[in-house]
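The values are calculated or read from the model by the stated rules, or taken from the named source; none is laboratory data. Everything numeric in this text was worked out from a predicted model, so none of it was measured. FYI the Cβ positions are ideal-geometry reconstructions off the backbone, even for glycines, and counts take in every protein chain you see. Only protein heavy atoms, including side chains, enter the accessible area calculation; ligands, DNA and RNA are left aside. Shrake-Rupley method; radii C 1.70, N 1.55, O 1.52, S 1.80 Å.
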Amino acid sequence: MWYPFLKNTAAKKLAVLIDPDKLQGDALVSLVQQANTAKVDFLLVGGSLLLENILEKTIATIKAHTALPVILFPGNNYQLSTQADALLMLSLLSGRNAEYLIGQQVVAAPAIRAAKLETISTGYLLVDGGRVSTTSYITQTMPIPHHKPDVAVATAMAGEMLGMQIIYLEAGSGAQWPVPEAMIRAVRKNISVPLIVGGGIRSSEAAEAVCRAGADIVVVGNVLEQEPERLLEISLAVHANYEAVV
Ligand code: 1GP
């Protein structure tokens, strides 16, 4: 059961997102080894769009080099693997496209059950990160405007009331700017489930800022594809024991 591990918010957690299209071979192995050294808490695997059918191979490679939990972060109902430890059962609450609110989930549910994958019900909120994200394009949904924390709060509240176990504030991979601190702070104040924040976090300063604003779990991906050596400083920033300014 991985959910209790995520639910324990006494200490901040860092997740590294691995997009199988972008990280393969030696670069993948090297990042996984750095994740071990940097004491990352878990790995997320997935992407809005996978051009190559290498999810299984990617997870097998990861598993061969780490004991860290591997949690699927699927962009669609094809991204399933029995090798994973759990799956974020995402529902794109910020959008009004029924396909990504419930459609893909219905199609995937029997396969998820057959795979005996633990599901972690996740209210997924896409926030404007300064450029059109792949998620926004693929799902044909509009992100929550950057300067509208109240919309994010109401959406996150609705997700919690619907029984979602986690809320994920997402600026989109490679976002120009991360989810604003004011929005994170406002959402944190109004929900009691764990809060994941990701998208556009490229430095230890940015990671610290989202933690101080109230994120329980920080996700980094893109920056590590170009500068994997940043992982250690980002991990130190997330795991530093400081008071959140709420
Ligand atoms: C994207 O939140 C993740 O789904 C991570 O974003 O790749 O920009 O770090 P980055």
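Roughly how many debye, to the nearest 20, is the charge dipole of the range 3-238 about its Cα centre, given +1 on each Lys and Arg Cβ, -1 on each Asp and Glu Cβ, and no other charges?
Values: 18 positive and 21 negative charges, 103 e Å.
Approximately 500 debye in magnitude.
Applied to the range 76-81, the Karplus parametrisation 6.51 cos²θ - 1.76 cosθ + 1.60 on θ = phi - 60° returns per-residue 3J(HN,Hα) values of 6, 6, 7, 8, 10, 8 Hz, with x for Gly and Pro. Pairs spanning more than 32 Å between alpha-carbon atoms, out of LYS12/LYS57; LYS12/LYS148; LYS63/LYS189; LYS39/LYS189: LYS63/LYS189. Among THR66, THR122, THR135, which one moves the most in a GNM of the chain with springs linking Cα atoms closer than 10 Å? Comparing THR66, THR122, THR135 in a Gaussian network model of the chain, the most mobile one is THR66.
What number, in percent, do you get for the relative contact order of the chain if the mean sequence gap of Cα pairs under 8 Å and at least 6 apart is divided by its residue count? It would help to have the intermediate numbers written out before the result.
Details: 511 pairs, mean separation 48.9, N = 246.
Result for the chain is 20 percent.
Computed over protein heavy atoms with a 1.4 Å probe, the accessible surface of the chain works out to 45 Å² per residue.
Can you give me the Kirkwood hydrodynamic radius for the chain, using every pair of distinct Cα atoms, in Å to one decimal?
Values: mean 1/r = 0.0565 Å⁻¹.
In the chain this quantity evaluates to 17.7 Å.
Charge tally around THR37: other residues with Cβ under 14 Å, Lys/Arg +1 each, Asp/Glu -1 each, net -1.
Rg/Rh, computed from the Cα trace of the range 101-169 with Rh as the Kirkwood radius, has the value 1.02. Spin-label model, ALA114 to ILE138: label points 7 Å out along the Cα-to-beta-carbon direction sit 2.2 nm apart. For the chain, adding -39500 (n - 2.57) for each run of n ≥ 4 DSSP H residues and dividing by the number of residues yields -11000 deg cm²/dmol at 222 nm. Excluding same-chain neighbours fewer than eight residues apart, the aspartates and glutamates reachable from LYS22 by a Cα-Cα span under 18 Å are GLU52, GLU56, GLU225, GLU227, GLU229. Each residue, GLU227 and TRP2, gets one label point 7 Å from its Cα in the Cβ direction; the gap between the two is 2.8 nm.
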